[in-house]
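Worksheet: the structure to be examined is printed underneath.
The values are calculated or read from the model by the stated rules, or taken from the named source; none is laboratory data. Since this is a predicted model, take the numbers as computed values, not measurements. In this analysis, Cβ positions are derived from the backbone assuming ideal geometry, glycine residues included, and neighbour counts consider all displayed protein chains.
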Amino acid sequence: MLFNLNNRWFDFRDTTPSVVDKQEPIQGAIKVKLLFFGPLAEKLNQRTIDLSLSYGTTINQIIERFELSSMVSRGLVVALDGEIGVDLNSKVSDSSEIAFLPPVSGG
């Protein structure tokens, strides 16, 4: 499945997303799970993504890869392995779960 996020196409046909114009294998990769909630899940039409990354990848690098920086600055919260509000420079490890949580609204 292909989808467009911020004018950038992603390929999910093999369940491991990659940017269509940069499909290169990752040597010594780790696998992580991205979890999306609220409007972001609706926009992506996807609640979870299994992703292969290089060792030493940070949450910030994932945010940049998926062009989510503006959403983070508007209140999107990131959780790493169940810990909400982690340092975005934290490195992810094999089997990590990274959740992207929209700001709570209502009255």
**Request:** Find the residue count for the range 67-77, including only residues that are closer than 10 Å to L101 by Cβ and outside any loop (DSSP other than H, G, I, E, B).
**Result:** 1
**Request:** Could you grab the pairs with beta carbons closer than 8 Å, sequence gap of 6+ or different chains, first residue in the range 78-92 and touching a residue at least 40 places away in the same chain (Cβ under 8 Å) and outside any strand (DSSP E or B), second one of a type in the set (S, T, Y) and surrounded by 12 or more Cβ atoms within 10 Å (Cβ to Cβ)?
**Result:** V92/T57; V92/T58
**Request:** Name the single residue, out of those in the range 80-105 being buried (at least 16 other Cβ atoms within 10 Å of the Cβ) and closer than 15 Å to A41 by Cα, that is modelled with the lowest pLDDT.
**Result:** P102
**Complete:** Counting only residues that are touching a helix residue (DSSP H, G or I) at 6+ places or on another chain (Cβ under 8 Å) and of a type in the set (G, A, S), the range 44-71 contains a total of 1
